[in-house]
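Engineer: This is the structure I want to talk about, given as C-alpha cells.
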Amino acid sequence: MANSPIKSPLNESDKEVTGNVLQATLVDLIDLSLIAKQAHWNVVGKNFRSVHLQLDELVSVARTYTDEVAERANAIGVSPNGKSKTVVESSGLPEYPDNWQSDDATVSAIVDILADLIQRLRKRIDDTDKSDLVTQDLLIELTDKLEQAHWMWQAQQA
C-alpha cells in the first residue's frame, strides 16, 4: 500500500526526515535486542549470573522502545519495517561474535555496541530538531535509558 491510510501531522519533507530516523532507530533496536539475547545465551565466566540478568534488562529496554519507535512511525504516517531481512541489511550496529563469550568479553562488546548506538541516536536527535520535536523527545528519552545502561556496563570494566 503505497499511500498511507494515516494522515501525517508533518509536511512531506519533515515526514521523510523523521520517518528515515525512526526506521533506522527501529532496526538498530531490533538488532540490539537480538544481540543482547545472543550474548545472554552464550555468556560464561565468574560473573555469569549478573551479566546474564543485566543482558535481559537490556533486551527489555530495547523491546520496549522498539514498539514505541514503530508506533511513532505509524503516528506520522510511515509504515515501520522490522522484518529480519530489513534488520540484516540496514542495522548499523557492530556485529556480535558467535559462540560462548567470557563475561569480560561480553561486557566489552556490549559497552562498544551501546557506545556506537548512542552516538547514532545523538545524531538522530539533531536530525529531528527541525522536523519533529515529538520524535526528538522520544529519541532523547531512549538515549537517556541507553546512556544509563552504558554507564552500568562500563562500571563493570572499572
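The values are calculated or read from the model by the stated rules, or taken from the named source; none is laboratory data. Bear in mind the structure is a predicted one, so any value in this text is a computation, not a measurement. FYI the Cβ positions are ideal-geometry reconstructions off the backbone, even for glycines, and counts take in every protein chain you see. Just the protein is used for accessible areas: all its heavy atoms, side chains included, with ligands, DNA and RNA removed. Shrake-Rupley method; radii C 1.70, N 1.55, O 1.52, S 1.80 Å.
Engineer: Can you list the helices (runs of 4 or more DSSP H) lying wholly within the stretch 58-158 that have 2 or more residues being in contact with a Ser or Thr (Cβ under 7 Å, 6 or more places away or on another chain) and buried (at least 19 other Cβ atoms within 10 Å of the Cβ)?
Structural biologist: Once the helices (runs of 4 or more DSSP H) in the stretch 58-158 are filtered for at least 2 residues that are in contact with a Ser or Thr (Cβ under 7 Å, 6 or more places away or on another chain) and buried (at least 19 other Cβ atoms within 10 Å of the Cβ), what remains is 103-127, 133-155.
Engineer: Further question: K46: open to solvent by 50 Å² or more (accessible area, probe 1.4 Å), touching a helix residue (DSSP H, G or I) at 6+ places or on another chain (Cβ under 8 Å), more than 30 Å from K15 (Cβ to Cβ) and of a type outside the set (D, E), yes or no?
Structural biologist: Yes; evaluated as a whole, the condition is true for this residue.
Engineer: Sort through T86, T66, T106 and tell me the only one that's in contact with a strand residue (DSSP E or B) (Cβ under 8 Å, 6 or more places away or on another chain), touching a residue at least 40 places away in the same chain (Cβ under 8 Å) and of a type in the set (S, T, Y).
Structural biologist: The unique qualifying residue is T106.
Engineer: Looking only at the stretch 4-57, how many residues end up being of a type in the set (F, W, Y) and free of Cβ contacts under 8 Å to residues at least 24 places away in the same chain?
Structural biologist: The number of residues fulfilling the criteria is 1.
Engineer: In the stretch 65-82, how many are more than 20 Å from T143 (Cβ to Cβ) and over 15 Å from the mean Cα position of the chain (by Cα)?
Structural biologist: Counting residues in the stretch 65-82 that are more than 20 Å from T143 (Cβ to Cβ) and over 15 Å from the mean Cα position of the chain (by Cα) gives 4.
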